[in-house]
2 protein chains.
Amino acid sequence: MENEVDGLDKRKAYILATVVYEYIATGEPVGSQALTQKYNLGVSSATVRNEMADLEAGGYLEQPHTSAGRVPSDAGYRTYVDALMSPEELGVDERRRIRDEMRDARAQLDEIVEQSSRLLGRLAGNLAFVTKPQSDTQSFRYAQLIWIGERSGIAIIVTSFGVASQSLFELRNDATPDDLTRLSNALNATFAGRLLRDCDDRSLAAVTKQCGFGEDMVGAVRAAFTGARTQEQPGIAASGAQHLLDQPEFRDVRKLRSILRILEEQRTLYDLVAGAFDSPAASVKIGHELGSEELADLSLVTVPYRFGERAVGMLSILGPRRMPYARLLALASGTAETLSERLHDVEVK
Amino acid sequence: MENEVDGLDKRKAYILATVVYEYIATGEPVGSQALTQKYNLGVSSATVRNEMADLEAGGYLEQPHTSAGRVPSDAGYRTYVDALMSPEELGVDERRRIRDEMRDARAQLDEIVEQSSRLLGRLAGNLAFVTKPQSDTQSFRYAQLIWIGERSGIAIIVTSFGVASQSLFELRNDATPDDLTRLSNALNATFAGRLLRDCDDRSLAAVTKQCGFGEDMVGAVRAAFTGARTQEQPGIAASGAQHLLDQPEFRDVRKLRSILRILEEQRTLYDLVAGAFDSPAASVKIGHELGSEELADLSLVTVPYRFGERAVGMLSILGPRRMPYARLLALASGTAETLSERLHDVEVK
DNA sequence: TTTAGCACTCCGGGCAAGCGAGTGCGAAGG
DNA sequence: CCTTCGCACTCGCTTGCCCGGAGTGCTAAA
């Protein structure tokens, strides 16, 4: 039937939506009377009570204890996010403010990523974090192999976002500085503009051998490119942890400890967003969907940012399940958009 | 007189030391009876009471409220740290463990700095942070100016710790790739091994002009070196914030918020240790000495680490004033030592 | 100068009472 | 058959109170 949503009739859906909305707003378990008083439901509290009992039986609501109001369950939030809430858009002035604040960062990849995480954390009033562009979605810009002595050299590779990575290598044969320059030029000519992940080992070896180098040099070049590809892979800027302290759900200090630990282990932080990485659009993970008991009463909103058409990184907001999803999605999208724009400023042309 | 310490007679000094020691150990305000029971003072609790009243009048102790025990004041801690406590040394096995764990980090500046902050945070059970080497204490290793088109080039400067910084510049005249190589070689020859801060603008200009370049190129080279000098200046690795949650003094969430905020603002974090930067030895700042009301019940232990003879950065521990100063000083020194050793592994020779 | 004794203070835990918000259910009404 | 009303019941939270324990300051005696 068209007046069913997710297996709920229209009235149940509306009541669920209202409960979630009210709980998000107040943080207090919401009861039937309070609901009928504040919202014009057109039915009495007793009816609402019956409906709420049904919703609880269906797993959408939970009761902290008898004689308390209802609170949404993971499933309740999920339905709300997927089907019930009305999406939000940022106002023009909000957009402008985001853009203005993003301008404060200098045109350096690290700076604009950090700035966007600070900005998002502050606007969203929650913990925000932003992954640096996956380095294998960046493209190769320049390589320079530098002779630094009879037996060793240093390889520098610059990506399209102006990130330089360097690695040392040994020189086994009697290569001259000129040889290295020749090889640098050949690499630059061959791979210019190509995605880093497409600079595969085979073509690297081919170019190196063409310049008259042997296996040892192939290994060095390969290592240099691998270094550039994996460098800073899980690099993440996080910010806004202090806002979590305002949330009543963190009166319990143990929760906080989990968060702080996660914050310091970039690895875990990265795993959190990793799941969202395949999907090109915004994603919301609620409570247990995060896959960890520690994080069971948190939610995560993740939005990709792009360079051109390609999604290159993620902006995320981590906060209590009881978060204003529509608003945060709008904020994250807006910030992602601006970040994407600024990405063009750091591009090495 | 030789049996006075800091204006306190011997018995007062001993009682003060015991009070501080006991308070650090238990976290409870310490009363006269408890003290005489646990420590063999050779006098009755009443006498201790009188002495404590004197110490309070002298500003060394404070009373949270009437009918509670005494707690050390900033001045009390200060006297304890300066004159009363007995310094600690790490055991051989502890040293070995630190060394072993530091070996886990790869030979990259960032990694060993982060590893040492993680290690120190965990061992000290407090928030630890480590500044990266001041970049102007590093020395110049290589410069490479790369021709990337008719009108632009990229300058890459590698420091003695293998940190590469890059900057873009414009080419106004019709310089060729060979010209740039020639200039690179000249820079390398002239400045090899010199401290970055000693690569002054005048000598840079001289070398550049000698190679036949004009003012525009001088500006570019100067900018590149300035970039290398100031890059990452306040770079700080922090870790162990979650330990602070165990401390009873953080039951008050507002305290925690200050800390988290500071943690995210590298600037403030840097200012904290900046004061200790001139002094070559370990330094302890207690409570209000930190210069901020927010941090008034915290203390900071700071120890420099060296490269060769030169102090290049700082290891710090931030925790409640009630911290085991002697132990933390020993831990920080031990970690600093090991960090200093590992610094040689990242040196670009 | 030290010690013993004593009255006083204050914090914190434990307990009971009362309040308020909310539920569930049976019966009445449309 | 669905909705509504009325009512008894539940339960957590707050308030007020009491009491024990730890500690202090003061006075007087050794």
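The values are calculated or read from the model by the stated rules, or taken from the named source; none is laboratory data. Small disclaimer: the values here were computed from a predicted structure and weren't measured. Please note: Cβ atoms are built from the backbone with ideal geometry, for glycine as well, and neighbour counts cover all protein chains shown. In case anyone asks, the SASA skips ligands and DNA or RNA and just uses the protein heavy atoms, side chains included. Shrake-Rupley method; radii C 1.70, N 1.55, O 1.52, S 1.80 Å.
Each part reduced to its alpha carbon centroid, the stretch A:213-231 and the stretch A:168-196 end up 10 Å apart.
Sparsely packed loop sites in the stretch A:101-133 (the trypsin sites (Lys or Arg not before Pro) outside DSSP H, G, I, E and B with at most 14 other Cβ atoms within 10 Å) comprise A:Arg106. Placing R0 at 35 angstrom, the Cβ-Cβ distance between B:Ala57 and B:Glu265 gives a FRET efficiency of 0.30 after rounding to 0.05. Our note on the geometry: Cα centres of the stretch B:114-138 and the stretch A:263-285, 27 Å apart. The angle between the Cα long axis of helix B:45-57 and the main principal axis of chain B comes to about 40°, on a 0 to 90 degree scale. Placing a label point 7 Å from the Cα of B:Asn50 along the Cα-to-Cβ direction, the distances to the matching points in the other copies come to 8.3 nm, shortest first. How far is the Cα center of the stretch A:25-88 from the Cα center of the stretch A:294-349, in Å? Taking the Cα centre of the stretch A:294-349 as reference, the centre of the stretch A:25-88 is 29 Å away.
Net charge of the neighbourhood of B:Ala238, taken over other residues with C-beta under 10 Å away and scored Lys/Arg +1, Asp/Glu -1, is -2.
When B and A come together, around 2400 square angstrom of accessible surface is lost from both chains combined, probe 1.4 Å.
The label point for A:Asp246 and the one for A:His288, both projected 7 Å from the Cα toward the Cβ, are 3.1 nm apart. Placing a label point 7 Å from the Cα of B:Arg49 along the Cα-to-Cβ direction, the residues of the stretch B:21-38 whose backbone N falls under 15 Å of that point are B:31-37. Relative to the longest principal axis of the Cα atoms of chain A, helix A:10-26 runs at roughly 70 degrees. Here the spin labels are modelled as points 7 Å beyond Cα on the Cα-Cβ line, and at A:Ala34 and A:Ala189 they lie 7.4 nm apart.
Computed in the context of the full set of protein chains, the accessible area of the stretch A:167-265 at 1.4 Å probe radius has 48% of its extent on carbon or sulfur. Percent of Cα-Cα pairs more than 17 Å apart in the stretch B:258-349, please. Pairs farther apart than 17 Å: 51 percent.
A convex hull fitted around the alpha carbon atoms of the stretch A:136-230 yields 75 Å³ per residue.
Computed from Cα positions, the angle between helix B:325-346 and the longest principal axis of chain B comes to roughly 20 degrees. Placing a label point 7 Å from the Cα of A:Asp174 along the Cα-to-Cβ direction, the distances to the matching points in the other copies come to 3.9 nm, shortest first. For the stretch B:1-66, applying the loop criterion from DSSP together with a ceiling of 10 other beta carbons within 10 Å to the GluC sites (Glu not before Pro) yields B:Glu2. Comparing the full protein assembly with the isolated chain (1.4 Å probe, heavy atoms, ligands and nucleic acids excluded), the residues of the stretch A:224-267 losing at least 20 square angstrom of accessible area are A:Ala241, A:Gln242, A:Leu245, A:Asp246, A:Val253, A:Leu256, A:Arg257, A:Leu260, A:Arg261, A:Glu264. Kindly flag which residue pairs out of A:Lys132/A:Lys209; A:Lys10/A:Lys38; A:Lys132/A:Lys349; B:Lys132/B:Lys209; B:Lys38/B:Lys255 have an alpha-carbon separation exceeding 22 Å in this structure. Flagged as over cut-off: A:Lys132/A:Lys209; B:Lys132/B:Lys209; B:Lys38/B:Lys255.
In the protein assembly as shown, the DSSP-assigned H stretches of four residues or longer account for a calculated mean residue ellipticity at 222 nm of -14000 deg cm²/dmol, using -39500 (n - 2.57) per stretch and the full residue count as denominator. Magnitude of the charge dipole for the stretch B:225-319, about its Cα centre and with charges confined to Cβ atoms of Lys, Arg (+1) and Asp, Glu (-1), is about 200 debye. Dimensions of the stretch B:4-84 based on its C-alpha atoms, expressed as ranges along the principal axes with the largest first, amount to 26, 26, 23 Å. Surface composition of the stretch A:47-160: carbon and sulfur make up 43 percent of the accessible area, probe 1.4 Å. Note on B:Ala206 and B:Glu88: their simple-model spin labels are 5.3 nm apart, each label 7 Å out from Cα toward Cβ. Among the aspartates and glutamates, select those whose C-alpha is under 19 Å from the C-alpha of A:Lys12, and discard any that sit fewer than 8 residues away in the same chain. Leaving aside aspartates and glutamates fewer than 8 places away in the same chain, those within reach of A:Lys12 are A:Glu2, A:Glu4, A:Glu22, A:Glu51, A:Asp54, A:Glu56, A:Glu62, A:Asp74, A:Asp82. Annotation: per residue accessible area for the protein assembly as shown equals 45 Å², rounded to a whole number [probe 1.4 Å, protein chains only].
Please list the three semi-axes, largest first and in whole Å, of the ellipsoid equivalent to the protein assembly as shown, using sqrt of 5 times the eigenvalues of its alpha carbon gyration tensor.
Semi-axis lengths for the protein assembly as shown are 49, 43, 20 Å.
Between the residues A:Leu187, A:Asn173, A:Ser160, the greatest Cα displacement towards the positive end of the dipole of the stretch A:136-230, with unit charges on the Cβ of Lys, Arg, Asp and Glu, is found for A:Ser160. Comparing A:Val43, B:Gln247, A:Thr131 along the charge dipole axis of the protein assembly as shown, the residue lying farthest to the positive side is A:Thr131, per the Cβ-charge model.
Under the combined filter of DSSP loop state and at most 15 neighbouring Cβ atoms within 10 Å, the stretch A:101-197 retains these GluC sites (Glu not before Pro): A:Glu150. Partner shielding of A:155-161 amounts to 2, given as the average count of beta-carbon atoms from other chains within 10 Å of each residue beta-carbon.
What does the charge dipole of the stretch A:1-155 about its Cα centre add up to, to the nearest 20 debye, if the Cβ of each Lys and Arg holds +1 and the Cβ of each Asp and Glu holds -1?
Details: 18 positive and 24 negative charges, 94 e Å.
Its charge dipole is roughly 460 debye.
Under the convention that each Lys and Arg Cβ holds +1 and each Asp and Glu Cβ holds -1, the size of the dipole of the stretch A:136-230 around its Cα centre is about 280 debye.
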